[in-house]
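Here is the structure we will look at, set down as C-alpha cells.
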Amino acid sequence: MSFVKIRAVYIPADGTGPSYVSLPVSTFEEIAINHDECLVYMKNKYVPHPEVFMGNVRRDMGTAAWRHVMLAQHNSLVHPLVVFYPAIPEPEKTFEVNVTVRKWYEEVLQFRKSVFGESYSEKEERIHWIGDMVVVRCISDPRVDLTGAYPEDLATIKQYLSSIPYPGI
C-alpha cells in the first residue's frame with residue numbers, strides 16, 4: 001500500500017470559503033476488502049481519506065466515518081463530482097451546520113425571492129449540510145476510482161450544494 005494525493009475542493013464548515021487541498025488516497029495494486037458486508041476484490045484502485053479534513057469525525061473508523069453523494073444529475077460531466085461529508089462524530093461531539101453552504105443557499109433563496117416575489121418561501125423546512133466536506137471527481141466508483149477536481153468545478157459544486165438538502169447518514 002502506498003499513498004498519492006489528488007486535487008480536491010475543501011469546503012470548511014466555519015464559513016471561510018472553499019479552497020483546494022491535496023486529498024490523500026491509499027493506492028492498492030491488489031486488495032480484497034469487506035465492503036458493505038460483501039468481499040470486494042479491487043485492483044489498481046484508490047481509497048480516499050477525506051476524514052483528514054473533517055473536524056470532529058471518528059478517525060478510528062476509517063471509511064465508515066464519512067459518506068458520499070455523487071452529483072449524478074449533471075450528466076454532461078465526463079467524470080462526475082463526488083462529495084464526501086462526515087457521518088459519525090467523535091464521542092460527545094457534533095457536527096456544525098456548514099456555514100459556507102448555508103450562505104450559498106441564502107444567496108439562491110434571495111435570488112428566488114427577487115424572481116418570484118418576497119412572499120416566496122420554501123415548501124418544507126430545509127436540512128442544511130453539516131461538517132467539513134471534500135469534493136473530487138470520480139471515474140466509476142466514488143469510493144475507489146478517483147481523479148482530481150478542476151477549478152471550474154466550483155460553480156457546479158456551489159449550485160448543487162445550495163439546491164439540494166443534506167442527504168443524511
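The values are calculated or read from the model by the stated rules, or taken from the named source; none is laboratory data. Here the structure is a predicted model, which means the values were calculated and not measured. All Cβ positions, even for glycine, are placed from backbone atoms using ideal geometry, and neighbour counts span all protein chains on display. Remember, those area values only see protein heavy atoms, side chains included, never the ligands or the DNA or RNA. Shrake-Rupley method; radii C 1.70, N 1.55, O 1.52, S 1.80 Å.
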Enumerated strands (runs of 3 or more DSSP E) restricted to the range 37-141, each holding at least 3 residues that are closer than 17 Å to ILE6 by Cα and at pLDDT below 85: 38-48
Can you name the residue in the range 85-114 that is among the hydrophobic types (A, V, I, L, M, F, W, C) and touching a residue at least 24 places away in the same chain (Cβ under 8 Å) and, of all such residues, is nearest to ARG67 (Cα to Cα)? ALA87
Within the range 12-26, which residues are open to solvent by 10 Å² or more (accessible area, probe 1.4 Å), in a strand (DSSP E or B) and among the hydroxyl-bearing types (Ser, Thr, Tyr)? SER19, TYR20, SER22
Modelled with pLDDT of 85 or more and open to solvent by 30 Å² or more (accessible area, probe 1.4 Å): is that true of LEU154 in this structure? yes
Within the range 151-169, residues being in a loop (DSSP other than H, G, I, E, B) and within 25 Å of PRO89 (Cα to Cα) number 6
